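Written out below as structure tokens is the structure these notes cover.
The values are calculated or read from the model by the stated rules, or taken from the named source; none is laboratory data. Note that the structure is a prediction, hence the values are computed from the model and not measured. Because the Cβ atoms are built from the backbone with ideal geometry, glycine has one as well, and the counts that use them run over all protein chains shown.
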Amino acid sequence: MLHILAVLVENNPGVLARVAGLFSRRGFNIDSLAVGKTDDPSVSRMTIVVEGDQRVLEQVTKQLHKLIDVIKISDITEEAHVERELVLIKVHAEKSSRVEVMQIAEIFRAKIIDYGAKSLIIEATGTEDKLAALIDALRPYVISELVRTGKVATVRGTKKITIKNQGGS
């Protein structure tokens, strides 16, 4: 089972390396990791997706709590939440196939963000399934480069993940 963890950490140098190192040392695989500053510049938020059973989740959580820079961990897997991922796809597109590639992008509500002589770069956001379908649809046109962010997620409604329990977890 995939677990989605929202982890608040102090925005200090080396925190990401310590978190990634913890997973590596314990033999846990990070399925997806996205990190960025919050509205408080001293705090960053990590969205970590890890695969495993309840025992794996408990071990990961216990180990994360041991890191001094970790402020709060919330498992939002079972919560009502919204999750998205961003992908940039560079597709080889000669004049003969360019219109078809652009139509596929339009179907998936993706944007053409770069138009080169023999390539297009497509930007799309959505669920993992939507992006997988877009990538599959573009494969016949030769994908020369693909970059994904990993999942970001937030709980729905007024509940929020903050340092203090301000209307949330």
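Collect the residues in region 1-25 that are assigned to a helix (DSSP H, G or I) and either in contact (Cβ under 8 Å) with a residue 12 or more places away in the chain or closer than 24 Å to THR77 by Cβ (or both), keeping them in residue-number order. Result: VAL15, LEU16, ARG18, VAL19, ALA20, GLY21, LEU22, PHE23, SER24, ARG25. A count restricted to region 26-56 and to residues that are of a type in the set (D, E, K, R), assigned to a strand (DSSP E or B) and out of contact with any Asp or Glu (no Cβ under 7 Å at 6 or more places or on another chain) stands at 2. If the condition is being assigned to a strand (DSSP E or B) and more than 18 Å from ASP31 (Cα to Cα), then region 126-151 contributes ILE143, SER144, GLU145. Being exposed (fewer than 12 other Cβ atoms within 10 Å of the Cβ), more than 14 Å from GLN63 (Cβ to Cβ) and in contact with a Lys or Arg (Cβ under 8 Å, 6 or more places away or on another chain) is a property that does not hold for GLY14. For ARG148, state whether it is touching a residue at least 40 places away in the same chain (Cβ under 8 Å), surrounded by 12 or more Cβ atoms within 10 Å (Cβ to Cβ) and within 21 Å of the chain's Cα centre (by Cα). So ARG148 fits the description; yes.
Among the conditions (1) touching a Leu at 6+ places or on another chain (Cβ under 8 Å); (2) assigned to a loop (DSSP other than H, G, I, E, B), the only one that GLU85 does not satisfy is (2).
With respect to being closer than 17 Å to ILE4 by Cβ, of a type in the set (Asp, Glu) and modelled with pLDDT under 95, ASP39 falls outside the description.
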